[in-house]
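Here the structure comes first, spelled out in structure tokens, and everything after it is commentary.
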Amino acid sequence: MGELIVIRHGQTAWSLSGQHAGRTDVPLTGAGEEAARALAPKLADRRFVAVFSSPLSRAMRTAELAGLTGAEADPDLVEWDYGGYEGLTAEQIRAARPGWDLWRDGVVPGDAGHPGEELRQVAARVDAALDRIRPLLSDGDVAVVAHGHLARVLTVRWLGLDARESRLLGHPHPGTLGVLDAEDGQPFISAWNVRP
């Protein structure tokens, strides 16, 4: 069985400032492009049978620069829709809502472009993507290029855990990768938050 390689896109201005970038299509910074290129040697020896990416440019560009040509845009891999919290930092949200925790409290509705999404909706999208990915792993490795919170949800759903358990994983840094595997039918995390 192949491994599932989960890659967080490279740095953006918003990931650098800590702003929540869900559906806003923020481009990579120069450092983000460099980090994406640095992933290429780590991925070069793998035989990928499929590469899937969030359709947002920061993920698609990361895939391209990392040498993952032919990435298929998958709308189920787009980041959590943060609704009214789009563009805000956690500190700004907590100033208006003391004690706020994304995994426990979720988001508030935003405008028409950012209506917001509940964690269960993110988990349902991830489950649909995993249902398409799992059969492919019998033929080799699969890469997913996505976003920080989405990668955490995807990983805990890979493990068969409730999406709320995503809080137990460290937030992957931009331009890092994780490796998900299984042994005797039991899924596990082989590596997490690996820098190039």
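Only the coordinates and a few stated rules stand behind these numbers; no lab work does. A quick note: this is a predicted structure, and the numbers were derived from the prediction, not measured. Cβ atoms come from the backbone with ideal geometry, glycine included; neighbour counts cover every protein chain shown.
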*Inside region 1-15, can you point out the residues that are in contact (Cβ under 8 Å) with a residue 60 or more places away in the chain and either in contact with a Gly (Cβ under 6 Å, 6 or more places away or on another chain) or more than 12 Å from Leu150 (Cα to Cα) (or both)?*
Met1, Gly2, Glu3, Leu4, Ile5, Val6, Arg8, Gly10, Gln11, Thr12, Trp14, Ser15
*What are the residues in region 162-189 that are over 13 Å from the mean Cα position of the chain (by Cα) and exposed (fewer than 15 other Cβ atoms within 10 Å of the Cβ), if any?*
Asp162, Arg164, Arg167, Leu168, Glu183, Asp184, Gly185, Gln186, Phe188
*Answer with yes or no whether Asp139 is over 15 Å from the mean Cα position of the chain (by Cα) and closer than 24 Å to Pro41 by Cα.*
yes
